[in-house]
Amino acid sequence: MQVTLLGTGDTTGTPTPRCDCETCTAARERGVERTRFSVHVRNEATGESLLVDLSPDLRHQFLEQDVPLPDAAVATHVHFDHLHGLGNAHRLLDSLAVHAANEVDPVTGESVADSVRDQYDYLRPLTVHGHAPYETFSTCGFDVTLVPVEHPPMLCYGVVVERDGTKLALTGDTNYDIPEASRAALADADLLLADAIVPASLADPHPVGGDHHDDEGVPRTFGTKHMTREGALALADELDAREVRLVHVSHFYPADEAFEEPLAVDGEQYQL
Ligand SMILES: [Zn+2]
Ligand SMILES: [Zn+2]
Ligand SMILES: [Zn+2]
């Protein structure tokens, strides 16, 4: 399993267009980027490639990284930065199987799979496959499982990708309050990719602050939707991940912390 981090940023990316903050300036100087979220997983045994989330930066990512175009994709939720690169499939791909959860979201009145079907009805290469959470399905020679996480108010899913005893786990967009059954599914991964949008120090200035504080009072959730860096690291520790990379990273990290380990940047590649 070859894992390439195509997009490791939040919804504005780093550098953010026209932003002259120290972090965006440092990113430009270093020549590194954190584009909108997407991960490419290649199965060397079958030659197939699976994409987890469809970044609006899809075209740019496939120009930057030397990886094959996807045969299938998993959509974790319907937020713009994770889904709306799907339009790039038009005239680029002959076919693309999109896998997503089939449980109805009370907020939208439809499942992620339904939303993909409705919004991309015009895309002929697409076939959409709905799956129940926790029910493992097969695609690109991988065993893939969608696991519910907490990204209020919408439904969102973490993803587990397995093959021959090798395991990649993605938390998806989530706060620290991941259900126990999902924690169990995400545990013992060879590589864990965890949402860590900001350091915990930035939770206080947020209008709703932080949540899920640890024993020292450090917030493991930023606002309501995402984990802090400290929350993501606590989760990785609890889940016994062999290696962790922090993703969905925003430009709000102070410049002297923004490129420290284990924060990921685009283009990182892992052989599992
Ligand atoms: Zn900036
Ligand atoms: Zn989201
Ligand atoms: Zn997001």
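The values are calculated or read from the model by the stated rules, or taken from the named source; none is laboratory data. This is a predicted model, so every value here is computed, not measured. In this analysis, Cβ positions are derived from the backbone assuming ideal geometry, glycine residues included, and neighbour counts consider all displayed protein chains.
What the table shows:
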read-out	value
Unmet requirement for Leu191, which otherwise passes all of (1) in contact with a helix residue (DSSP H, G or I) (Cβ under 8 Å, 6 or more places away or on another chain); (2) surrounded by fewer than 24 Cβ atoms within 10 Å (Cβ to Cβ); (3) touching a residue at least 24 places away in the same chain (Cβ under 8 Å); (4) not acidic (Asp, Glu)	(1)
Given (1) in contact (Cβ under 8 Å) with a residue 24 or more places away in the chain; (2) over 19 Å from Asp190 (Cα atoms), index of the condition Leu233 fails	(2)
Counted residues, segment 11-57 - those being touching a helix residue (DSSP H, G or I) at 6+ places or on another chain (Cβ under 7 Å) and within 16 Å of ligand 2 (Cβ to nearest atom)	10
Of all residues making up segment 148-160, the number that are under 13 Å from Ala194 (Cα atoms) and either at pLDDT below 95 or in a strand (DSSP E or B) (or both)	4
Residue within segment 206-221 that is under 25 Å from Gly141 (Cα atoms) and either within 15 Å of ligand 3 (Cβ to nearest atom) or in contact (Cβ under 8 Å) with a residue 60 or more places away in the chain (or both) present	no
Candidates Val41, Val78, Val67 - the one that is more than 14 Å from ligand 1 (Cβ to nearest atom), in contact (Cβ under 8 Å) with a residue 12 or more places away in the chain and not in a loop (DSSP other than H, G, I, E, B)	Val41
Cross-chain or 6+ apart pairs with Cβ under 7 Å, segment 131-155 first and of a type in the set (Ser, Thr, Tyr), then in a loop (DSSP other than H, G, I, E, B)	Thr145/Tyr134; Thr145/Thr136
Where His212 falls short, out of the listed (1) over 24 Å from Thr166 (Cβ atoms); (2) not in a strand (DSSP E or B)	(2)
From the options Arg245, Arg220, residue that is farther than 26 Å from Val41 by Cβ, among the basic types (Lys, Arg) and not in a helix (DSSP H, G or I)	Arg220
Residue ID - nearest to Arg183 (Cα to Cα), chosen from residues in segment 145-163 that are in contact with a Leu (Cβ under 8 Å, 6 or more places away or on another chain) and among the aliphatic types (A, V, I, L, M)	Val147
Residue match in segment 121-134 (condition: away from ligand 3 (no atom under 16 Å from the Cβ), within 30 Å of Gly223 (Cα to Cα) and out of contact with any Ser or Thr (no Cβ under 9 Å at 6 or more places or on another chain))	yes
Residue ID - farthest from Ala89 (Cα to Cα), chosen from residues in segment 1-29 that are assigned to a strand (DSSP E or B) and within 12 Å of ligand 3 (Cβ to nearest atom)	Gly9
Hey, Thr145 touching a helix residue (DSSP H, G or I) at 6+ places or on another chain (Cβ under 8 Å), within 15 Å of ligand 2 (Cβ to nearest atom), at pLDDT 95 or above and among the β-branched types (Val, Ile, Thr) or not	no
Qualifying residue in segment 30-40 (condition: aliphatic (A, V, I, L, M) and within 15 Å of ligand 3 (Cβ to nearest atom))	yes
Breaking point among (1) within 16 Å of ligand 1 (Cβ to nearest atom); (2) on the phi > 0 side of the Ramachandran plot; (3) within 16 Å of the chain's Cα centre (by Cα), for Asp53	(1)
